[in-house]
Structures are given as C-alpha cells and as structure tokens.
Amino acid sequence: MRVGSADSKFHEQIFVVGVGNILLKDEGIGVHVIREMEKLDLPKNVRVIDGGTAGFDLGYLIEGADRLIVIDAIDAGREPGAIFKFRPEDIKAKPKRYFTSAHEVGLLEALEMAKRMGKCPQTVIFGIQPKEIDWGMELSPELKAKIPEIIELILEEIS
C-alpha cells in the first residue's frame, strides 16, 4: 500500500511511534502496529519507530519530527479494541482515572520538554483499549483484529 507520492515536494517529517511492552500482551499494541506498518511502502517523509517502553526517552526518538503520531494501549474502561484519537492537551484536561497508560507520563514529559525547546511536533495519539495486560507476547484476538483499522486511521492522518 502506498500513501502519497515519493516524488512529492512535501517534505514535512512525519514520525509514527508505537509504544508498549510486547511482553505484556495487549500492552504492546503500539509496537505490533509498527511492525505491520514496516511492511508498507510509505512515503519517504514518513518514519515508523518502535518506541517500546522508552517513556521520557521518546524525546530523543522524535527529534526532527514535524508531525508525530503515537499508538499506545490506553485503559479508558471501554470495550477491548476501542480506538481513541486525541491530542496531548486532551490528556492533561481529563481526570487521571479516564485515561491510563504506562507511557502517558513519559510521553507527556518528552513532549513538554520538546515544547520548551521550541521543537514540539504537532501530535496525535491513537489509544487502544486493551483486553488483557498480563505476561505473554500475543495480542488478544480483539486487538489483533483491530490492527488493519488502526493502520488505516494512521494512513488517513498521514495524508
């Protein structure tokens, strides 16, 4: 699948970062999405990054991005596989009990640091409601089935 044109004069750097711990089943959804996106023929200005459990260190991974798309497991108490699209300022505005992610604080801190340095990319976060966070490397069937839809949403955001 190709998005846009490699010959495009559009040189905005778009980084797609998946975060999560693949040892904790659905917690690793972001990394699983990135692994599937690596198989795609994406425009040259799009970079996919396995952010793993980087947290605050994400600041180094996103250096040079004009736009940032993050994929992470987010527990919002909804049905497994529910997809949420929001911006970092939306997290700050919500009560802590509404969104919870193991990487939320590190990501927000990294973006805040980038903002203070005048290098904060325009950011969109796709949060995916996990079904199970426990030891294991396989996604639940509900989340595995959502990967194509998540990728489609990311590709829409890229274009």
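A few points about this structure:
- Selected residue (criterion: surrounded by the most Cβ atoms within 10 Å (Cβ to Cβ)) from residues of region 111-159 that are within 15 Å of Pro88 (Cβ to Cβ) and without any contact (Cβ under 8 Å) to a residue 12 or more places away in the chain: Cys120
- Selection status of Asp75, closer than 28 Å to Arg116 by Cβ, touching a residue at least 24 places away in the same chain (Cβ under 8 Å) and out of contact with any helix residue (DSSP H, G or I) (no Cβ under 6 Å at 6 or more places or on another chain): no
- Matching residues in region 65-84 - criterion: being in a strand (DSSP E or B) and under 17 Å from Pro148 (Cβ atoms): Ile69, Ile71, Ile83
- Figure legend. Inter-residue proximity from region 38-49: first residues more than 14 Å from Leu155 (Cβ to Cβ) and modelled with pLDDT of 95 or more, second residues loosely packed, with under 12 Cβ neighbours inside 10 Å and of a type in the set (D, E, K, R), beta-carbon distance below 6 Å, spacing 6+ or different chains. No pairs are indicated.
The values are calculated or read from the model by the stated rules, or taken from the named source; none is laboratory data. Predicted, not measured: the structure shown is a model, and the values here were computed from it. FYI the Cβ positions are ideal-geometry reconstructions off the backbone, even for glycines, and counts take in every protein chain you see.
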